[in-house]
Amino acid sequence: MKRFLNPAIAVVVLLALVFSFAGCADNSATGLWENAVYQNDTQLGEGSKTITVKVEAEEKTVTFTVKTDKETVGEALTENSLVEGDMGEYGLYIKKVNGILADYSVDMSYWSFYINGEMASTGVDGAKIDETAVYSLVYTK
């Protein structure tokens, strides 16, 4: 009986350790970020130009390095499926960034577009690519 009991206890202890370590896994994607495609800084695309795009929502920021041959920020972002939206008379109205939905008609949330920390005077599809600039899409409510 003693020979059987020691291996059984060892198995129980081992399983307890495995499950306790599994509980330590990073399951931090909550709130808006639950639907995000990318949870960490990511490089996307191929091309001769490189732009930096920060996506900010709640208390989290993910930075994208986007390589492209496109002429505008909007083209580079849609080419890499980073943004989705509707075309209107003023250009692309962004509704989703990195899988995160902002719906003004539901909760008065929207995506703000910044260039070098300042609110852009144009939309993403009107912003010519400047490889020295840092672009930001900020979830605003």
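Check segment 65-88 and report whether any residue there is in contact with a Gly (Cβ under 8 Å, 6 or more places away or on another chain), part of a strand (DSSP E or B), within 14 Å of residue 138 (Cβ to Cβ) and aliphatic (A, V, I, L, M).
Checked against the condition, which is being in contact with a Gly (Cβ under 8 Å, 6 or more places away or on another chain), part of a strand (DSSP E or B), within 14 Å of residue 138 (Cβ to Cβ) and aliphatic (A, V, I, L, M), segment 65-88 yields at least one hit.
Return the pairs, sorted by first residue and then second, in which the second residue is surrounded by fewer than 13 Cβ atoms within 10 Å (Cβ to Cβ) and not charged (D, E, K, R), the first residue lies in segment 71-89 and is touching a residue at least 12 places away in the same chain (Cβ under 8 Å), the beta carbons are less than 9 Å apart, and the residues are 6+ apart or on different chains.
Matching pairs, first to second residue: none at all.
Of everything in segment 96-121 that's part of a loop (DSSP other than H, G, I, E, B) and either aliphatic (A, V, I, L, M) or free of Cβ contacts under 8 Å to residues at least 24 places away in the same chain (or both), which residue is farthest from residue 40 (Cα to Cα)?
121
Just checking, does segment 83-101 include any residue being closer than 20 Å to residue 133 by Cα, touching a Lys or Arg at 6+ places or on another chain (Cβ under 9 Å) and not aromatic (Phe, Trp, Tyr)?
Yes, segment 83-101 has at least one match.
So in segment 128-141, with the set limited to residues that are more than 23 Å from residue 103 (Cβ to Cβ) and not polar (S, T, N, Q), which one is nearest to the chain's Cα centre (by Cα)?
Among them, the one singled out is 134.
For residues that are part of a loop (DSSP other than H, G, I, E, B) and hydrophobic (A, V, I, L, M, F, W, C), scanning just segment 122-131, find the one that is surrounded by the fewest Cβ atoms within 10 Å (Cβ to Cβ).
Checking each candidate, the answer is 129.
Of the conditions (1) touching a residue at least 24 places away in the same chain (Cβ under 8 Å); (2) in a strand (DSSP E or B), residue 61 fails just one. Which one is it?
(1)
Counting only residues that are within 17 Å of residue 33 (Cα to Cα) and of a type in the set (Gly, Ala, Ser), which one in segment 48-100 is surrounded by the fewest Cβ atoms within 10 Å (Cβ to Cβ)?
Applying the filter and picking the extreme gives 81.
Identify all residues within segment 22-52 that are modelled with pLDDT of 95 or more and assigned to a loop (DSSP other than H, G, I, E, B); write none if there are none.
Passing the criteria: 36, 37, 38, 39, 40, 41, 46, 47, 48.
The values are calculated or read from the model by the stated rules, or taken from the named source; none is laboratory data. Computed from a predicted model, the values in this text were never measured in an experiment. Here Cβ is always computed from backbone atoms with ideal geometry, including for glycine, and neighbour counts include all displayed protein chains.
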